[in-house]
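All remarks here apply to the structure that follows.
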Amino acid sequence: MRIPRQHFVFVVIALSLPGTSASAQSYKSRMENPIVRYTMAAKLDPATRTVKGRYALVWKNHTPDTIPDLYFHLYLNAFKNIDSTFMRESAISRRPERLREWKASTEQDRWGWVDVDRIQIVNGPDLTSSKSFVHPDGDNAADQTVMRVALPQPIPPQGSIEVAVDFTSKLPRALARTGYVDDYFFVAQWFPKIGVYEGPGDRGRTVGGWNCHQFHANTEFFADFGVYDVELTVPSRYVVGATGFLRSEHHNNDDTTTYNLFQEDVHDFAWTASPHFIRLTRPFEWGKEVRGDEIVTWTRILGLPADQVALRDVQVILLLQPDHRSQADRYFRAVFNALKYFGLWYGAYPYDTLTLVDPARHSNSGGMEYPTFITGGTYFWPGDRSSDPEGVTVHEFGHQFWYGLVANNEFEEAFLDEGFNTYSTSKVMDVAYPPRCAYTRLFGMPVPLFPWLRVQAPSFPFAGVGEIPMGAYLSCVQSADYIDERNDYLDDAKDDELVRKGWQYLNGTSYRVNSYDRVAATLRTLENYLGPETMARVLRTYHQRWRYRHPTLKDFIKTVNAVSGRNMDWFFQQFFFNSNIADYAVTDIIKTPLEGKVGIYDEGGKKVIHQEEAAREVFEKSANKRYRSTVVVRRLGEAVAPVDIVVRFEDGGVAREQWDGQYRWTKFVYDKPVASAEVDPQGKLALDANFTNNSRTAQQDNRAAAKWYVRLIFWIENLFLAASFFS
Ligand SMILES: [Zn+2]
C-alpha cells in the first residue's frame, strides 16, 4: 500500500492541531492527484446576510491541452435580477408560483449575488481586470453566472496554477437551495467555483474545453474532485454544520468562533449556520448494524471477498429544528439504514462524517445534497406511516453515492444522478420500512393521508404530539414508490426523450419525470430483464469503476453489457433515447370447434360430401370436444421489447411462449381450448402503460368477473377520494 503524499501532509497537520477527532485520521484520500485544492477562509455577517471570503486555489491541468483561460461558476448571480438564466427559466416553468411570491416580497435584502473582488496568480500578476461574463449555453447575454478569466500565460499540459481570490457573497432570501430565512443561513453554491476542464476523451469528448454551464432553473452541478480546507467564522452563538469534519474550533475576541472544516475527495463544499439548531451526534457502528448473514449474502451475490463488502463506521451529525426534537430517532434511523444498504450494495461510504440538516421552515433548502452534507425535511406532525422524514433522508443520503461519488455531469445527464438515486432509494425503502400508506380509511371512508397531515401547524412547545394515536381509527391502503414512479412517468410520458440536457426538457415537470420517475421505472424494468442479482453486480461494478470520476450514460451501458454478458443496447435504444411508450396486450382468444370433416373430401378416389349437421351432432355428443384456439398478442405501443406469454388451457395445461415483440402482432394456435392468456406474466416490463390489457380470459368465467369487481370497487374508491379533495 502506498500512502498518497497529501494524506501524509494532512496527518501531520491534523496531529498538530488540538481538537482533532480520532475518526479524522482514519480517512484515506483516494486521489493521488486531485484537480482542485481550496484553502479558504470566510466570515458570515448575519446583519447584512453577507459572506466575505478569500481562498487560494491550486488547480491542475490533467489534460494534454494548453489552456489559455479559467472558467468559474458564479452561481449566486442567478439571484441577482430577473434577467439571469435561472430566473427567466424559473418564471416559465420550474417554480413560477414560488418565484412570484419571492419577487413580490418587500424584503430589500432578498436578492443575492457574488462579486469577485480580486483574482490574482499567487506570486504573479493581478487578473482582476481580465475577467468577463460568458454565456456557454448561448441564450442570454444578461446572465452573470459564468466568469472567464484570460491568463497572461497559458497553462501547459499537466501543468498547474495557483490563484488567490477575494470574494463577497450576498446571500439571497432562500428561493432555491441556498440563502437565508431570518437567522437561518444555508450557504451553498456560494463561492466562485472553478469549472471542469475536459480533455479529449473525457466523457466522450473529442476536443478539450471548459464544461461550465450557466445556472439553469432545473439543473444542478458538476465539479472536479479535490481538497477543501475551509475556515468559517460566525457569531459564537451560531451552530455550524458543513461538508467534511471539524478539525479545530477557535473562539475569537469579537464573540465569533472560527471552525476549520476539512475534506478530501469531494467536489463541493456547503455549510449552514443558525443559533437555533439542536446538534446531536451518533455513531453508525457498522458491526452493530449489519448482520453476519447479510455479509454472507452480499459476498455471494456480488462475488466479492467479505472484506470488500465490509462497511466503515461513520459519525452522523444531526442539526435539528427545536420543534422537531421528537423526530431525532427517525432521522438517525433513516441515515443508518441508508448507510447500511447503500454501503452493502454499492460499496462502503468512504467518508468519516455525514451531517444531516433539518432545515428551517420556509427556507426552500430541504431535500438537497452536498458532499457529506445533506438536508432532510419533515413536518410538524408526520404520521407514523408517512414517508418523511425517512424518504427524503434516504434519498438525499443516496446522492452521496451517485452525485457525490459517481460524479456525473448533472447539467447534461441529470438522470444519471436523480434517476439512479430514485431507483436505489426505493429499494432501500422497500427493504428497510414497511409499505407506506397511499391513503387511509377513516371509519371505512377513504381519506387522503398526506395532504391532511402535512398542514403546516404552528410550533407548539410541547413534545410528543407526533405520536397522537390516530392509528386506531385509520386503516392504511398500502403503496410503494415504484407505483408512484410509474404513474408519474405515464402522466407525462410523451413530453421528452429521457436523454436530454437538464435545461432542455419541455418544462419543470418533464425534467422531473425524465430525471427521476421515468429512470427509476426504467431501471426497474432493466433489473427485471437482467435478474436482480445480475443487476446488483452491474450497479456495484458501475459504482466502483466510476467512483471519483465522471461517467456518462455510455459508460453505464458498457458496464451493463460487460457484466451481464448480454447485449442490452436494444433496451437503451428503446427506453432511453426516445419517448416511445410500451404497451403489450392480449387482444383476442378465438376458439373454434374442431367438428371433424365438413365439405367435400377425396376418399378412395371419389369426392365424398360430409354434411355439417352430422359432424355437429357427433361433436355435441362427444365427451371430449376439441377446439382450435388462436391467441392474438399485439404491440399497441411504439416501444419494442421481447415478452413472454403464458397460455392456460381448460384442461389445466400451460404453454409458455416467447415473442421478440418486434412486429405489431403475433398469434399462437393450439388444438385445444384455451382458458386464458397473459403477456409479460412476471411484469418484467414495469414501463408497460396499461397492465389491464395484459391478460384475457376466453370466457367470462368467475375469475374474470372477480377481477372486474375489484377494479370497479377500486374505481369507486378513487372517486370518493377525488370527491374528498374537492369538497
Ligand atoms: Zn435528488
* Asked: Name the pairs: first residue in the range 29-46 and assigned to a loop (DSSP other than H, G, I, E, B), second residue aliphatic (A, V, I, L, M) and surrounded by 16 or more Cβ atoms within 10 Å (Cβ to Cβ), Cβ to Cβ under 7 Å, at least 6 apart or on different chains?
  -> Pro34/Val227
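Yes/no matrix, rows are residues, columns are (1) surrounded by 24 or more Cβ atoms within 10 Å (Cβ to Cβ); (2) of a type in the set (A, V, I, L, M, F, W, C); (3) within 12 Å of the ligand (Cβ to nearest atom); (4) assigned to a loop (DSSP other than H, G, I, E, B):
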residue	(1), (2), (3), (4)
Val394	yes, yes, yes, no
Phe397	yes, yes, yes, no
Asn409	yes, no, no, yes
Glu412	no, no, no, yes
Glu418	yes, no, yes, no
Thr422	yes, no, yes, no
Thr425	yes, no, yes, no
Pro434	no, no, no, yes
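Does the range 667-680 contain at least one residue that is at positive phi and among the acidic types (Asp, Glu)?
Checked the range 667-680: at least one residue is at positive phi and among the acidic types (Asp, Glu).
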* What is the residue count in the range 145-173 for residues that are buried (at least 23 other Cβ atoms within 10 Å of the Cβ) and farther than 20 Å from Lys43 by Cβ? -> 2
* To do: Looking only at the range 325-333, decide whether some residue is without any contact (Cβ under 8 Å) to a residue 60 or more places away in the chain and within 26 Å of Val296 (Cβ to Cβ).
  => yes
* Asked: Is it true that Asp671 is over 30 Å from Asn580 (Cα atoms), loosely packed, with under 13 Cβ neighbours inside 10 Å and in contact (Cβ under 8 Å) with a residue 24 or more places away in the chain?
  -> yes
* Scan the range 125-141 residue by residue and report those that are farther than 22 Å from Phe222 by Cα and in contact (Cβ under 8 Å) with a residue 24 or more places away in the chain. => Pro125, Leu127
* Asked: Looking at the range 26-84, which of its residues are of a type in the set (Phe, Trp, Tyr) and within 29 Å of Glu107 (Cβ to Cβ)?
  -> Phe72, Tyr75, Phe79
* Asked: Which one of these is touching a residue at least 40 places away in the same chain (Cβ under 8 Å), surrounded by 15 or more Cβ atoms within 10 Å (Cβ to Cβ) and within 26 Å of Phe222 (Cα to Cα): Thr525, Thr552?
  -> Thr552
* Asked: Which of the residues spanning the range 558-571 are of a type outside the set (Asp, Glu) and either surrounded by fewer than 17 Cβ atoms within 10 Å (Cβ to Cβ) or part of a loop (DSSP other than H, G, I, E, B) (or both)?
  -> Lys558, Asn561, Ala562, Gly565, Arg566, Asn567, Met568, Trp570
* Selected residue (only one of Leu318, Leu354, Leu339, Leu344 is within 23 Å of His276 (Cα to Cα), more than 15 Å from the ligand (Cβ to nearest atom) and either within 20 Å of the chain's Cα centre (by Cα) or not aliphatic (A, V, I, L, M) (or both)) -> Leu354
* **Any pair with Cβ under 6 angstrom, 6 or more apart, that starts in the range 81-107 at a residue that is hydroxyl-bearing (Ser, Thr, Tyr) and ends at one that is in a helix (DSSP H, G or I)** => Ser84/Ala78; Ser90/Leu99; Ser93/Gly508
* Scope the range 633-657; condition in a loop (DSSP other than H, G, I, E, B) and not small (Gly, Ala, Ser); matching residues -> Leu636, Glu638, Val640, Pro642, Glu650, Asp651
* Asked: If you check Thr63 against the conditions, is it closer than 19 Å to Pro172 by Cβ, at pLDDT 80 or above and in a loop (DSSP other than H, G, I, E, B)?
  -> no
* Structure fact -> Only one of Leu311, Leu354, Leu304 is aliphatic (A, V, I, L, M), out of contact with any Asp or Glu (no Cβ under 6 Å at 6 or more places or on another chain) and not in a loop (DSSP other than H, G, I, E, B), namely Leu354
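In the range 658-668, how many are of a type outside the set (A, V, I, L, M, F, W, C) and either surrounded by 19 or more Cβ atoms within 10 Å (Cβ to Cβ) or assigned to a strand (DSSP E or B) (or both)? Spell out how you get there, then give the answer.
Initial filter on the range 658-668 (of a type outside the set (A, V, I, L, M, F, W, C)): 658, 660-664, 666-667.
From the residues that got through so far, the ones that are either surrounded by 19 or more Cβ atoms within 10 Å (Cβ to Cβ) or assigned to a strand (DSSP E or B) (or both) too are 658, 661, 666-667.
Residues that pass the stated criteria total 4.
Evaluate the range 376-387: report whether one residue or more is within 30 Å of His213 (Cβ to Cβ) and either surrounded by 23 or more Cβ atoms within 10 Å (Cβ to Cβ) or within 16 Å of the ligand (Cβ to nearest atom) (or both). Give the derivation first.
If we filter the range 376-387 for residues that are within 30 Å of His213 (Cβ to Cβ), which is where we start, we get 376-377.
Of the ones still in play, those that are also either surrounded by 23 or more Cβ atoms within 10 Å (Cβ to Cβ) or within 16 Å of the ligand (Cβ to nearest atom) (or both) are 376-377.
So far as the range 376-387 goes, yes, one or more of its residues are within 30 Å of His213 (Cβ to Cβ) and either surrounded by 23 or more Cβ atoms within 10 Å (Cβ to Cβ) or within 16 Å of the ligand (Cβ to nearest atom) (or both).
Could you check how many residues of the range 104-134 are of a type in the set (Val, Ile, Thr) and in a strand (DSSP E or B)? I'd like the intermediate steps shown before the answer.
To start, the set of residues in the range 104-134 that are of a type in the set (Val, Ile, Thr) comprises 106, 114, 116, 119, 121-122, 128, 134.
The next check asks that each one be in a strand (DSSP E or B); those that pass are 114, 116, 119, 121.
Final tally of qualifying residues: 4.
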* Per-region count, the range 358-375, residues away from the ligand (no atom under 15 Å from the Cβ) and under 17 Å from Phe284 (Cα atoms) -> 1
* Asked: Just a yes or no: is a residue in the range 374-390 under 18 Å from Arg549 (Cβ atoms), without any contact (Cβ under 8 Å) to a residue 60 or more places away in the chain and polar (S, T, N, Q)?
  -> no
* **Among (1) surrounded by 15 or more Cβ atoms within 10 Å (Cβ to Cβ); (2) out of contact with any Gly (no Cβ under 9 Å at 6 or more places or on another chain) - the single one Asn580 does not satisfy** => (2)
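The values are calculated or read from the model by the stated rules, or taken from the named source; none is laboratory data. These figures come from a predicted structure and were not determined experimentally. Please note: Cβ atoms are built from the backbone with ideal geometry, for glycine as well, and neighbour counts cover all protein chains shown.
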